[in-house]
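Note sheet for the following structure.
The values are calculated or read from the model by the stated rules, or taken from the named source; none is laboratory data. Worth saying up front: this structure is predicted, and the values here are computed from it rather than measured. All Cβ positions, even for glycine, are placed from backbone atoms using ideal geometry, and neighbour counts span all protein chains on display.
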């Protein structure tokens, strides 16, 4: 009963279905390239809650022995490689109007903060931070002085800094009041 | 008179036969069979404009907190039935010459697409109700050279898009490394559930 025309129609439908069914078999996996780009970074921050450090001389003992104050987790360092931290003052003196105290009577002493988990295993790749790092107490000076020298980089390493004013003669016969100076920490490649 | 009647009957019979035979010759319907052939199909594609995904570490916060990038409409999936998608890396590390970062510091997180894909297709357009999408199980995958489970769906869909967030942890594994580009190839595969 089929005419020639009907046969043609059936063949045509068959071909269309074949094309619809085939392409899906091919792509059962797909790929992307992931690129992680690392740039050299060195960063140092003073704990925002400790941007003003005050040494208060209130008693005879303070003037005789000096006053010190430890600032826990004072500096936060992130560095992708070995680094040096230096410190300097904006002036050779702490100023109170026309009166001054010599800045070199102030000693800054860095130490590895307990915030790092006891100072171990945070230097990266199971290296001890203490083993990688040299710490130098430094008298305040307008010339930058090295206080931290780390052979390996680390992410979020904290240092405590003890600020110590000597007291003694330099602090006698001065007007009472607030003597100030700005201290700047810098980080650079080792 | 009788002859006349016979002739009339004969003529009438002839006309009837003629009509009958014409009815047979004028067949106006014919049947053909339509076969719709369904094959099991599973297909996955990475958006062609997102075949390179970059995570850039440029400042201290990047190294401390990590870096992530969400790729919208990243995967296009068509499957005639339930499916599972797995993901793997080409090796255990991202490589930059002699330097390497472990791939297990990279986490991939799938989410059901919420925006139109770049081709202009509406995400999930052909899914009867977004129910199919919601039934899919989405798992964050820590990158590994062995394929790990990523997405599984008990029902199929056509042209369904998934976003993928690429996240690098930062921290110790990214410190004391040479600056530069560390790469690996990530492969997504689809299989029957």
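Total residues in region B:69-112 satisfying the condition of being in a strand (DSSP E or B) and within 12 Å of chain A (Cβ to nearest Cβ): the figure is 26. Scan region B:90-99 and tell me whether some residue there is free of Cβ contacts under 8 Å to residues at least 60 places away in the same chain and either surrounded by fewer than 17 Cβ atoms within 10 Å (Cβ to Cβ) or out of contact with any strand residue (DSSP E or B) (no Cβ under 7 Å at 6 or more places or on another chain) (or both). Checked against the condition, which is being free of Cβ contacts under 8 Å to residues at least 60 places away in the same chain and either surrounded by fewer than 17 Cβ atoms within 10 Å (Cβ to Cβ) or out of contact with any strand residue (DSSP E or B) (no Cβ under 7 Å at 6 or more places or on another chain) (or both), region B:90-99 yields at least one hit. Scanning region A:157-180 for residues that are buried (at least 18 other Cβ atoms within 10 Å of the Cβ) and in contact with a helix residue (DSSP H, G or I) (Cβ under 7 Å, 6 or more places away or on another chain) yields A:157, A:158, A:165, A:166, A:167, A:171. In summary, residue A:76 fulfils each of the numbered conditions (1) in contact with a strand residue (DSSP E or B) (Cβ under 6 Å, 6 or more places away or on another chain); (2) away from chain B (no Cβ under 14 Å) with the single exception of condition (2). For region A:26-53, filtering for residues that are touching a helix residue (DSSP H, G or I) at 6+ places or on another chain (Cβ under 6 Å) and away from chain B (no Cβ under 14 Å) leaves 0.
How about region A:153-175: which of its residues are under 22 Å from residue A:90 (Cα atoms) and assigned to a loop (DSSP other than H, G, I, E, B)? A:166, A:167, A:174, A:175 - these are the residues of region A:153-175 that are under 22 Å from residue A:90 (Cα atoms) and assigned to a loop (DSSP other than H, G, I, E, B). Put simply, of B:113, B:129, B:120 the only residue that is surrounded by 19 or more Cβ atoms within 10 Å (Cβ to Cβ) and modelled with pLDDT under 90 is B:113.
What tally of residues in region B:43-71 results from selecting those that are in contact with a helix residue (DSSP H, G or I) (Cβ under 7 Å, 6 or more places away or on another chain) and either modelled with pLDDT under 85 or within 30 Å of residue A:45 (Cβ to Cβ) (or both)? So the answer is 2. Taken as a whole, region B:35-42 holds at least one residue that is modelled with pLDDT under 85 and farther than 14 Å from residue A:36 by Cα. Take residue A:160 and decide whether it is at pLDDT 95 or above and under 16 Å from residue A:80 (Cα atoms). No; evaluated as a whole, the condition is false for this residue. The residue that is surrounded by the most Cβ atoms within 10 Å (Cβ to Cβ), counting only those in region B:32-68 that are assigned to a helix (DSSP H, G or I) and within 8 Å of chain A (Cβ to nearest Cβ), is B:63.
Which pairs turn up if I take residues in region A:54-83 that are closer than 30 Å to residue B:65 by Cα and look for partners that are part of a helix (DSSP H, G or I) with beta carbon separation below 6 Å, at least 6 apart in sequence or on another chain? As it stands, the answer is A:71/A:50; A:73/A:115; A:74/A:50; A:78/B:60; A:78/B:63; A:78/B:64, since those pairs meet every condition given. Any chance region A:54-64 includes a residue that's in contact with a helix residue (DSSP H, G or I) (Cβ under 9 Å, 6 or more places away or on another chain) and either assigned to a helix (DSSP H, G or I) or modelled with pLDDT under 95 (or both)? Yes, there is a match, as at least one residue in region A:54-64 is in contact with a helix residue (DSSP H, G or I) (Cβ under 9 Å, 6 or more places away or on another chain) and either assigned to a helix (DSSP H, G or I) or modelled with pLDDT under 95 (or both).
The set of residues from region B:144-168 being in a loop (DSSP other than H, G, I, E, B), at pLDDT 95 or above and touching a helix residue (DSSP H, G or I) at 6+ places or on another chain (Cβ under 8 Å) comprises B:144, B:145. For region B:160-185, taking the residues that are more than 7 Å from chain A (Cβ to nearest Cβ) and surrounded by 21 or more Cβ atoms within 10 Å (Cβ to Cβ), the one that is nearest to residue A:151 (Cα to Cα) is identified as B:164.
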